[in-house]
Amino acid sequence: MLLDILLIFHLQVLVIASSSSSEEDGSSEREAEHSKGSSHQHHWGYHDQESWLSAFEDCSGKSQSPINIDTHTVPYDPKLALLKLEGYDLTGSTTLKLINNGHTLQLSLPSSMRILRGFDHVYVAAQLHFHWGTKEVPGSEHTIDNVHYPAEIHVVHFNTKYANLAEAASKADGLAVLGGFIGIGLHDNDNYEKILSALTDISIEESDTEIPGFNVRHLLPDSLDRFYRYNGSLTTPPCFQTVSWTVFNDSIRVSRRQLADLEDTLKTEHNKLLSKNFRAQQLLHGRKVLASFHTEPATGKTKSLPTETEDSIIMESSGHILAIVFGALFAVTVLVFSVYTYQQRKKYSKFKKDSKQNVIYKPAVVDMDQTSLTVT
Ligand SMILES: *[C@@H]1O[C@H](CO)[C@@H](O)[C@H](O)[C@H]1NC(C)=O
Ligand SMILES: *[C@@H]1O[C@H](CO)[C@@H](O)[C@H](O)[C@H]1NC(C)=O
Ligand SMILES: [Zn+2]
């Protein structure tokens, strides 16, 4: 994931960057020197994640990411503050640089985008990127009850008490990453299309393009209020254990075609397909994972990954069941009441000896019997 911090650093040091990012360049050099000192220039890849451990000290730490999230054991923590994002709508304001860095598809984000509330400090956005698999292998990094989603988005922010991403990346409270699961829905996702439609321009490794600004909030799930929180790491070398993770419970939908575009377009080194760029599950080592919401499954929801169709079928059928239950209750009430009324009338008519009233009420009872039969 984040990453790419390192690779971007190398790129920026080698390539003369634009004047707008001169601040980042200085820190990039420091960071590049720092990582050289500890690990030399390791050319890491996803096919050989074991080798990260020897080349990058932190990758074998005890607070690594990603992790599996067990929804049955995650406790609800009412003290978790809900997130308030600011400046995510970039419609018409700027263009954004979209990069294929050989490890991921990454969009650079302006410092006007922030997490205003949710943490002890304000965190400012730096970039977002994706992890994915293949048609056969779902490629989210985090898993829910040991199940992968097809893909995952990470929006990387750094603590405003540090000057930039590079400086923050190695500090304990340096980073806050928002993670969202991407699943398959019936329709094209127009917001994701703003990124995916530019993929063919950057299919070659280490290429980039500019795309028009849009509302980045719309790349995230509808609800940001239901999330998991834990302390973890970058999911790529150098694996710094400096990330406060927020993984949303709501997922995002893109169409099958859009997911295929993400899986099949970008190339990495030696012109190989860039796919399965997700890190293996890491152990919790006693860490806590908290939830901002009650995790007991509501109204008989299924454990399988929901799709748009399944969701709507579940909602529709529970609506029908409710209607039937209320209909039956109503019919029974009416039936009991009318039987009671009939008996009272009969009793009453015995005293009055008025045969006319019996004639009037008999057909009514027959009607009610028929009604109750239709319902059951
Ligand atoms: C993360 O670490 C900080 C600092 O040690 C701690 O205060 C916080 O409770 C931890 N968060 C979780 C979810 O464990
Ligand atoms: C969301 O939470 C519900 C309730 O705990 C759980 O069943 C479902 O698997 C969760 N989905 C994700 C993506 O976290
Ligand atoms: Zn990531």
Pick out the one residue from GLY185, GLY180 that is within 16 Å of ligand 3 (Cβ to nearest atom), at negative phi and of a type outside the set (Val, Ile, Thr). GLY180
Counting only residues that are more than 16 Å from GLY286 (Cα to Cα), touching a residue at least 60 places away in the same chain (Cβ under 8 Å) and within 15 Å of ligand 1 (Cβ to nearest atom), how many does the range 67-81 have? 3
Can you name the number of the only condition in (1) more than 16 Å from ligand 3 (Cβ to nearest atom); (2) more than 23 Å from THR94 (Cα to Cα) that ALA169 fails? (1)
Kindly establish whether ALA126 is more than 16 Å from ligand 1 (Cβ to nearest atom), in contact with a helix residue (DSSP H, G or I) (Cβ under 6 Å, 6 or more places away or on another chain), within 18 Å of LEU219 (Cβ to Cβ) and among the aliphatic types (A, V, I, L, M). yes
Determine if the range 184-192 includes at least one residue that is more than 16 Å from ligand 1 (Cβ to nearest atom), buried (at least 17 other Cβ atoms within 10 Å of the Cβ), at pLDDT 95 or above and part of a strand (DSSP E or B). yes
Long-range neighbours under 7 Å by Cβ, at least six apart or interchain, first residue farther than 18 Å from ILE67 by Cβ and in contact (Cβ under 8 Å) with a residue 60 or more places away in the chain within the range 272-297, second away from ligand 3 (no atom under 16 Å from the Cβ) and in a strand (DSSP E or B): LEU274/LYS267; PHE293/TYR76; HIS294/TYR76
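Suppose we keep only residues that are outside any strand (DSSP E or B) and within 18 Å of the chain's Cα centre (by Cα) within the range 86-117. Which one would you say is surrounded by the fewest Cβ atoms within 10 Å (Cβ to Cβ)? Even if it seems obvious, please write down each step before you answer.
Of all residues in the range 86-117, those outside any strand (DSSP E or B) come to 87-88, 90-94, 101-104, 109-113.
Checking the rest, the ones that are also within 18 Å of the chain's Cα centre (by Cα) come to 88, 104.
On the way: TYR88: 19, THR104: 25.
My answer is TYR88.
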When the residues of the range 216-262 are narrowed to those that are closer than 23 Å to TRP44 by Cβ and among the hydrophobic types (A, V, I, L, M, F, W, C), which ends up farthest from ligand 1 (Cβ to nearest atom)? LEU262
Check off (1) touching a residue at least 24 places away in the same chain (Cβ under 8 Å); (2) surrounded by 17 or more Cβ atoms within 10 Å (Cβ to Cβ); (3) part of a loop (DSSP other than H, G, I, E, B) for ASP120 and give me the number that stays unchecked. (2)
Kindly list, by first and then second residue, each pair from a residue in the range 220-232 that is more than 13 Å from ASP77 (Cβ to Cβ) to a residue that is assigned to a strand (DSSP E or B) and away from ligand 3 (no atom under 16 Å from the Cβ), limited to pairs with Cβ atoms under 8 Å and residues at least 6 apart or on different chains. LEU224/LEU85
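For the range 245-262, check the following and say yes or no: at least one residue is of a type in the set (D, E, K, R), in a strand (DSSP E or B) and either on the phi < 0 side of the Ramachandran plot or surrounded by fewer than 23 Cβ atoms within 10 Å (Cβ to Cβ) (or both). Reasoning before the result, please.
Initially, the range 245-262 is screened for residues of a type in the set (D, E, K, R), giving 250, 253, 256-257, 261.
Of the ones still in play, those that are also in a strand (DSSP E or B) are 253.
Pick out the ones that are also either on the phi < 0 side of the Ramachandran plot or surrounded by fewer than 23 Cβ atoms within 10 Å (Cβ to Cβ) (or both) and you get 253.
Yes: one or more hits.
Out of curiosity, is VAL156 among the β-branched types (Val, Ile, Thr) and within 16 Å of ligand 1 (Cβ to nearest atom)?
Values: among the β-branched types (Val, Ile, Thr): yes; within 16 Å of ligand 1 (Cβ to nearest atom): no.
Taking the combined requirement at face value, the residue does not satisfy it.
The values are calculated or read from the model by the stated rules, or taken from the named source; none is laboratory data. Just so it is clear, the structure is predicted and the values come from calculations on it, not from any experiment. Heads up, the Cβs are rebuilt from the backbone with ideal geometry, glycines too, and the neighbour counts pull from every protein chain shown.
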